[in-house]
Each structure stands twice: as C-alpha cells, then as structure tokens.
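Engineer: There's a structure below that I have some questions on.
The values are calculated or read from the model by the stated rules, or taken from the named source; none is laboratory data. If you're wondering where the values come from, they're calculated on a predicted model, not measured in any experiment. Quick note on the areas: whole protein, heavy atoms, side chains included, nothing else; ligands and nucleic acids left out. Shrake-Rupley method; radii C 1.70, N 1.55, O 1.52, S 1.80 Å.
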Amino acid sequence: MSQPIEKGTEAKNIPAPLAPAELERMRHSAAHLMAAAVQQLWPTARFGVGPAVKNGFYYDLDLPVQLTQADLGKIEQKMRELKNKKLPYERIELPVDEAIAEMERRGQTYKVELLNLLKEKGSTAVAKETGDEDVIGSNESGGVAQVSFYKTGEFLDLCRGPHVESSNQIAVFKLMNIAGAYWRGNEKNPQLQRLYGAVFSTKEELDHYLWQLEEARKRDHRKLGQELDIFTFSDDVGQGLPLWMPNGTVIREELEKLAKEEERRDGYVRVSTPHITKDKLYYRSGHLPYYREDMYAPIEIEGEEYFLKPMNCPHHHQLYLARLRSYRDLPLRMAEYGQVYRYEQSGALSGLMRTRGFNQNDAHLYCRYDQAKDEFLKVMRLHARYYDMMGIKEYYMRFSKPDLSKLDKYVNEPEKWLAAMEIIKQAMDESGYPYVEAEGEAAFYGPKIDFMIKSVIGTEYAISTNQLDFVASERFELSYKGEDGKDHPVYVIHRAPLGSHERFVAFLIEHYAGVFPTWLAPVQAVIIPISDRHKEYAHQVYERLFSSEVPTATGGIRVLLDEARESMQKKIRNAQVKKIPYMLIVGDKEAEDGVVSVRLRSGVDLKAMPVEELIDRIRAEVKTRQDIVVS
Ligand SMILES: [Zn+2]
Ligand SMILES: [Zn+2]
C-alpha cells in the first residue's frame, strides 16, 4: 500500500504502526463515503483507486473541475449528510464480465481497466500496479472470474472490503488536501486529483493529529535550520551535501564531546580513517557487489579504482588487523565520527534528513562470543542515557531478523544467524526497553536493531542502527588468540546511537523547536547595553564570561555583545528570535552594583544577578546538560 509522505516523517524505512483493524475499516469506508459524496456533486466523476492509508485515506478522482479548498468543504458537508443517512455498505458479487458491463454502463473507465487487468492477470498484478491492495480478492496470480463490489447509496465500487456496516459508524473525519497523481503511477497516463482525508475514532485524536501537523510545519528543520543559521546548501557544492554554518558546527561539536565522554566511560578508544579507499577492501567487505548501487562511481588513481567510503566498518577492521589480538585485548571498542557518502537519487534528498554525505557516530566493538550479549546490552543502555538526557521519552527497538527460508539471500549459515539472534534477544529482554520484531529485513551480515525515537510532537525517526556481525570475522579473518593458544573468530558489533550529525540535528531541531538547551545552544548569552555609556561595563561583563572556565566543546561560554545601534527592545526581540538562552541587560544600576539583569528567552525575568552567579548557573547547565527549570 502506498502512503503519503507527511512533513517531518521522511525517515527511511519507518513502517506505519498498523491501525487496528477497526480503524482501518473505518478509513477505507470513509474513502467510499467520500466517493459517494463526490459522485452526487459531480455525476460525471470517474474514480481511480481509494485505499486506507496512515491516518486516513485517499481517493484518486477524475473530475470536470479542479478542486479548490472551498470544494473540500462542500464535499465534507455532503459526506456528513450521507453519513447521517446511515447508508449500508452492501456487498455484491458479480462474474467479471458482468462487472465490466456494469462499469462500462456507468462510464467508469478506470474501473473497467482494472477489471480487465483482474480478468487477465489477477489481483496481485492490480495491487502492484495501483498501490491499492483493497481492490479485490485474495492474492490470485492468475485471472479472476468473480469479483466483489460494495454499494453505498448510489456509489458502487470494485472492492474486496471489509467495510463498516453503516455509514454512521465512521467516527470523525476531515478532508485534508489535494495532490496530483498519475493513473497507475505512470506519467504517460492522465493525472488524477488525489484527495486525502484523515479519519480517527475520536475528535481528540483528530485534533491531536492536526496539532502535530501544525507543529511539524512550524518546527520543520529546513525552515528553522535556515532561520537559526544552522546549515545551508549551495548549488555549486551540490545537492544533498550540507554546509554547516558556525551555529550548526557548535551543535556538532557539542554532540561529539558528549559522545566522547560517554564512550570513554564505556571503555572505547578513538580512531580516524580516510574518506576514499581502494575497491579491493570493498570486495572483501562485500559492499561490492552487494551495496554498489548505494555507492558513487569510482575515482581512478594510478590505474586503481578508489571509492568514496559508504561505511566505516572495513577501515576499522583494518585497524583491528594491524596488530595481533589476544583474548586479553577484548573487547576492543573503536569509535570514530566518520564521514561517509551514499548515493541518493536527487528526488529523494530532503534537508538534513536525506543527504549524500553524512557524519556518523560510529563505533565497532570487537568481542568474544561470550562477551557479545553484555556488550550489546551496554550499547542499549548508552542509547537510553542519551535519550533520557535529551528528554526523548518515547523510543523502542526494532529487531530485524532474516527470512530464514531465504537465507542464501544473506549468508547461508542458519546456525550462526540463530546464535546471533539469540544474543540480541537476550540483551533486549534484559534491557527492559520495548521492542518489535520485523521478519526479513536484516542486513546482509547479521541481524540488526534500529532504535526508533519520537520527538516531543510524536514524529518518529529511525536514528540508530546496531548490528551483530559474525560475517566480518570470516571475510576479514578477524580473530584473536585464545587462552588455549588457538585462533578464534571475533564478533563485531556495529553501533551508532546518535546516528549521523545530519539526521540527529534535524531531529533535535524539531524536538526542541530550535530552543536548544544551554549546553547545545550556539550562542548561550548575549549582553545588551541599554545605551552607549554602558558599553564599557558591558565589555567588562563580556570579558568575565568569555574567560570563565566552563567546559563547553568550544572552550568556554558562547557569549555575544550586542553593540548595534538599535534600541534595547529591538535587541531583546532579536535575541528571542535567535532563541538565545540568556539576555544580560546592563545599564547604570547594573554597572553601579556590578551585576547583570538576566532575562530568559521564555520571557522570564530572573532580575539582577552577580556575574559570578550567572557563570555558575551556566556552568551547571553545561556540566549536567540539563537546563535549570524556572517555575
Ligand atoms: Zn474499497
Ligand atoms: Zn559498521
């Protein structure tokens, strides 16, 4: 089933949580109700497909008019009228030839086309062509002899159901927007008007959904990223290749500092590796040929082919191999914020969410079999520490397992897969964090776990992928000398809790709506002298903040002195627009008493405060990475 992409949910591979069957039925029935309303308003309307989708439904319409916002109101009105008539959803079965004749009689040319396709090729072909699985029948791959229809008032639709019994069982709906869609997804076919509707079982749920959409629009990282000078793109540099402005670079550096501290605590060491690499390494790793379509064309250097690196793993393996390793050296945890490049079609690029180059919070943990579970568990706990710190309340793990019946698609070693899956499952159970399981989606070198997180407005992001890899040890002959003096294979854990800077910062922008906590704020304080004669004192305050010992990634408090020839009010407004945590206003009184008047970006007035007290406060917020809550 194809799904509309909503703002802020562009993350790759996020499955919609399945609506409970009842809601799904309501949504699909609402599509029919809308078609019935459209048919009454424009009797010559022709219908394409109309499936239930995440949050509602759509229907593709061929109409004599171009729909406007006012028309949506009209259609919605008509839908309510029909809903209140308690129209039954009546199922009718017909031989396919009779069905074709009926649809011809009604002038429903698209339905006739679908029926002919059903007759010749079966429902699987139809579902594949239209993206609508609800058209008809089970998954027959041959032709279909009998088809089912649903009748709602005068509207008759080719459909397998199921539906509600009566139109008044459709709880709460709202028509959302209109988009263009080519019939059967082919641009050579006519363009239809795709009308989306939202359907929920309560008004509260609908209102919440509308609030979410509105918040997502306001918090859109592309918009805020521009307004807050976080990142930019340049046509001359290329699409999908973000340029980080000074403000965005501060955020990156703070995240890296955080990662370094947390990883140090968990016993990691840090490494650095180059951006390009000979093809040889990628044949060995299996990226070539498995992963070639995600890589860029090679660069030729002295007759040899070099690729931009799509992953850091093979390089870390080379570092592992650079020395003999004994059981006493394990676990060996190598971390790097590593820049990688992966091919994305230009049409798929989206701000920082989908880029062609990104910097990963990467690490590889080399361990013995008997250490793998505890190491994996530690990685899970590290995720949770980050998420707690950032106020990410909702998260879960998504466990991707291979389809064991198609193991040769991966690597033909079922016992190893089962053992690796068992380790992960134990670690997940022990962690106590919620998880879901997904069949047939594992990476080619082992089962994986994605951490899915939700921003405060409920948008779900796939941020971090973790894998337990038992293939690398063979491909790269990664081994260690055991206590028994023999060579043993190592397990490799791939992990990236903070994902890439690109995607994680996009998430944080939405999550915080640009109001970053003090430790992440690109500018932490701005000094605003009331008039020119207060500049001297303002400079003294600036010096004291600037030279104070506060452990930020940038070496101290990030403070600005606003000396522009503007009014104090204007400067306060500017600081609020830039979402700067502290505004320090200095005038005669402050200079006389040796204090600053502190205003927060929220508008809260903390009144006069000695400069040292303010520095202590900022230091505490930076150290704990928590803002002090003002009640
Ligand atoms: Zn239907
Ligand atoms: Zn890796």
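Engineer: Spelling out what I want: for every residue of the range 341-352, take phi, set θ = phi - 60°, compute 6.51 cos²θ - 1.76 cosθ + 1.60 (Karplus), and round to whole Hz; glycine and proline get x.
Structural biologist: Whole-Hz 3J(HN,Hα) from phi for the range 341-352: 10, 10, 6, 10, 5, 4, x, 8, 5, 8, x, 8.
Engineer: Now, a different point. Using a 1.4 angstrom probe on heavy atoms only, work out the carbon and sulfur share of the accessible area of the chain in %. Walk me through the intermediate numbers first.
Structural biologist: Working: 14070 of 28630 Å².
Within the chain, the accessible surface is 49 percent carbon and sulfur.
Engineer: If you don't mind, another one. Pop out the ³J(HN,Hα) list for the range 431-438 in order, Karplus 6.51 cos²θ - 1.76 cosθ + 1.60 with θ = phi - 60°, rounded to Hz; leave Gly and Pro as x.
Structural biologist: Karplus values, whole Hz, x for Gly and Pro: 5, x, 7, x, 8, 10, 10, 10.
Engineer: Now for a different question. Ignoring ligands and nucleic acids, what accessible area does K78 show with a 1.4 Å probe (Å², nearest 10)?
Structural biologist: 40 Å²
Engineer: Sticking with this one: Using only helices, what value at 222 nm comes out for the chain when you add -39,500 (n - 2.57) per DSSP H run of length 4 or more and divide by the total residues, to the nearest 500 deg cm²/dmol? Could the numbers behind the result be given before it?
Structural biologist: Numbers: 19 runs with 225 residues, N = 631.
So the helix-based figure for the chain works out to -11000 deg cm²/dmol.
Engineer: Also, I was wondering about something else. For the range 285-301, take each phi angle, set θ = phi - 60°, evaluate the Karplus expression 6.51 cos²θ - 1.76 cosθ + 1.60, and give the result in whole Hz per residue in order, putting x for glycine and proline.
Structural biologist: Once θ is set to phi - 60°, the couplings for the range 285-301 become 6, x, 4, 9, x, 3, 10, 4, 5, 9, 10, 8, 4, x, 9, 8, 10 Hz.
Engineer: Over the chain, what is the relative contact order in percent, taking alpha-carbon pairs closer than 8 angstrom and at least six residues apart?
Structural biologist: Numbers: 1155 pairs, mean separation 66.9, N = 631.
With pairs under 8 Å counted, the relative contact order is 11 percent.
Engineer: Between their Cα atoms, which of K309/K373; K223/K257; K54/K393; K86/K393 are more than 31 Å away from each other? Before the final figure, lay out the partial values.
Structural biologist: On the way: K309/K373 29 Å; K223/K257 27 Å; K54/K393 23 Å; K86/K393 42 Å.
Beyond 31 Å: K86/K393.
Engineer: With the cut-off at 31 Å, tell me which of the pairs K578/K623; K218/K401; K448/K486 have Cα atoms farther apart than that. List each step's numbers first, then the result.
Structural biologist: Details: K578/K623 23 Å; K218/K401 37 Å; K448/K486 29 Å.
Cα-Cα > 31 Å for K218/K401; rest within.
Engineer: If you line up the long axis of helix 372-389 against the longest principal axis of the chain, both from Cα atoms, how many degrees apart are they, to the nearest 10?
Structural biologist: For helix 372-389, the angle is close to 80 degrees.
Engineer: Moving on to the next point. Where a Cα-Cα gap under 15 Å defines reach, which aspartates and glutamates qualify for K121, not counting those fewer than 8 residues away within the same chain?
Structural biologist: D97, E113, E129, E133, E140
Engineer: Using a/c under 1.5 as the rounded threshold, could you call the range 262-402 rounded, prolate or oblate? The axes a ≥ b ≥ c are square roots of the C-alpha gyration tensor eigenvalues, and prolate needs a/b larger than b/c, oblate otherwise.
Structural biologist: Values: a/c = 2.05, a/b = 1.22, b/c = 1.68.
Verdict is oblate for the range 262-402.
Engineer: Under a cut-off of 15 Å between alpha-carbon atoms, report the aspartates and glutamates in cross-link reach of K571, not counting same-chain residues fewer than 8 places apart.
Structural biologist: Excluding near neighbours in sequence, the set is D532, D562, E563.
Engineer: Can you work out the accessible area per residue across the chain, with the rest of the protein chains kept in place, probe 1.4 Å, in square angstrom? Spell out each step's value before the answer.
Structural biologist: Details: 28630 Å² over 631 residues.
Using a 1.4 Å probe on heavy atoms only, each residue of the chain averages 45 Å².
Engineer: Rg over Rh of the chain, using C-alpha atoms and the Kirkwood radius, what does it come to?
Structural biologist: Values: Rg = 29.6 Å, Rh = 28.4 Å.
On the Cα set of the chain, Rg over Rh gives 1.04.
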